[in-house]
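See below for the structure under consideration.
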Amino acid sequence: MAIDHRELAVFLNVARLGSVGAAAAAMALTQPALSRTLRRLEQQLGVSLFIRHSTGMELTTYGRSLLPHAESLANGLRRAVDEIDQLKGASKGVVRIGILPSLAPDHLPIVLPNVLQKLPGVQLQILEGPNHQLIFSLLRGEIDFAIATVSPDFAEDNIRVTSLVQYEMCIVARDDHPLLSKKKIAPADLCLYSWALQEKGGTIWRDFLATFNHLGLEAPTVVVTANSIQTLKTLIMCSDLVTVLPRISIQAEEKNGILRSLPLREAIWHRQLAIFRRTTGPVLPATNFVIAEFRKALASTLPLPKLGHSPDLDTSAADAQSQRGKRIRKT
């Protein structure tokens with residue numbers, strides 16, 4: 001069975017936009033033409049991909065099954081065209097970057113000027129998101145690499161991990177928070193206040209829960225979730241909420257007496273940053289250059305990891321499963 005890439009494009013646009021009219025406008029097609037293409041795809045597959053409502057289109061079970069495969073095919077084709085354009089010199093390339101919200105404000109301003117100066121004409125697409133979203137986007141081909149945290153038990157056969165540096169996470173409150181008026185803060189005091197955290201399901205949530213479990217305490221109530229570091233900082237500046245942030249992200253606020261990290265040993269932990277790439281497909285020169293710039297920026301602002309003589313881990317998850325948490329080989 002041969003499926004035309006235009007049929008997949010029609011399917012993806014209808015799925016994303018939720019209506020034939022919106023998809024037709026986005027693709028500069030008439031609605032009848034787009035509807036015919038969609039019906040042709042459904043006839044080839046022998047199933048209905050959408051439930052037609054008067055208010056729009058809803059994916060069927062078959063449509064939901066097709067969606068991730070169609071997205072992977074579309075992303076793969078786009079990358080192939082980008083690679084060919086770069087190889088023949090018709091384009092400086094597109095680099096799609098995934099980065100944690102906690103790193104973006106401090107490191108993008110360092111990296112981007114160098115990249116744009118040395119690679120004029122390159123296009124950069126930046127996705128900010130929590131760890132699990134970045135890994136998912138990488139597997140689907142939506143980004144070329146991700147800068148995220150890696151845990152010792154990370155296991156994914158299709159991803160190559162190169163560890164970089166460690167950075168410090170701390171519990172943060174406004175400078176005049178009641179907790180900071182205490183002569184000595186006890187771990188149980190942290191449970192007396194509501195919290196704001198990044199999106200549930202990420203590594204910060206896991207570390208948050210693990211910390212209170214280790215202390216033998218029930219985790220405090222989280223009343224706000226937000227992926228934006230700036231939003232979290234703004235919320236705790238004007239309330240008694242408590243949050244977890246990278247120390248580097250509050251340097252200016254600490255200096256100006258706006259925010260403070262809590263002076264509690266149990267309230268500080270370290271996370272390992274790494275570059276995540278797919279194990280298949282070439283890494284183009286523009287992508288390698290951007291990765292190198294991020295490595296330099298991170299090394300200049302964050303301490304080297306205290307993990308032995310070599311700071312680098314370079315392994316696929318197949319190796320990681322057999323030697324979890326260990327350094328495999330220097331990159």
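So which of 184/255; 118/233; 183/233; 200/255; 184/296 end up more than 27 Å apart by C-alpha?
Distance filter (> 27 Å) returns 118/233; 200/255; 184/296.
Give me the percent of DSSP beta bridges within the chain that run antiparallel, rounded to the nearest 5.
Within the chain, antiparallel bridges account for around 70 percent of the total.
Enumerate the whole-percent occupancy of each 5 Å bin, from 0 to the last occupied one, for all C-alpha pair distances of the stretch 24-143.
Going from the shortest bin to the longest, the percentages are 2, 9, 12, 15, 16, 15, 13, 9, 6, 4, 0.
From the convex hull of the Cα coordinates of the stretch 208-276, what is the mean projected area in square nanometres?
6.0
Could you please rank 102, 19, placing first whichever residue has the fewest other Cβ atoms within 10 Å of its Cβ?
19, 102
In the chain, if the dipole is taken from +1 on Lys/Arg beta carbons and -1 on Asp/Glu beta carbons about the Cα centre, which of 221, 22, 133 is farthest to the positive end?
So the residue furthest toward the plus end is 133.
Suppose only helical runs count, i.e. DSSP H with n ≥ 4. What mean residue ellipticity at 222 nm does that imply for the chain under -39500 (n - 2.57) per run, divided by all residues and rounded to the nearest 500 deg cm²/dmol?
It lands at -12500 deg cm²/dmol.
At a 10 Å Cβ-Cβ cut-off, how would you order 207, 144, 175, fewest neighbours first?
175, 207, 144
Return a whole-number percent for the relative contact order of the stretch 5-83, with Cα pairs under 8 Å and 6 or more residues apart as the contact set.
Result for the stretch 5-83 is 31 percent.
If you find the alpha carbon centre of the stretch 1-70 and of the stretch 133-159, how far apart are they in angstrom?
Centre-to-centre distance over Cα atoms comes out at 29 Å.
Ranked by Cβ crowding within 10 angstrom, fewest neighbours first, how are 145, 212 ordered?
Sorted ascending by nearby Cβ count, the order is 212, 145.
Using the Cα atoms of the stretch 5-83 to build a convex hull, what is its mean projected area in square nanometres?
Quarter of the Cα hull surface area: 5.1 nm².
Compare 241, 66, 259 in a GNM of the chain, Cα atoms joined below 10 Å, and give the one with the largest fluctuation.
Maximum fluctuation in the GNM of the chain, among the listed residues, is at 66.
Based on the alpha-carbon gyration tensor of the stretch 143-302 and its eigenvalue square roots a ≥ b ≥ c, which shape applies: rounded if a/c is under 1.5, prolate if not and a/b is larger than b/c, or oblate?
In terms of gyration-tensor shape, prolate.
Where does the Debye-calculated log10 I(q)/I(0) of the chain sit at q = 0.14 Å⁻¹, using only Cα point scatterers of equal weight, no solvent?
Debye output, listed in q order: -1.17.
FYI, it's all coordinate maths here, none of it is from the lab. In this text, all values refer to a predicted model and were calculated from it rather than measured experimentally. In this analysis, Cβ positions are derived from the backbone assuming ideal geometry, glycine residues included, and neighbour counts consider all displayed protein chains.
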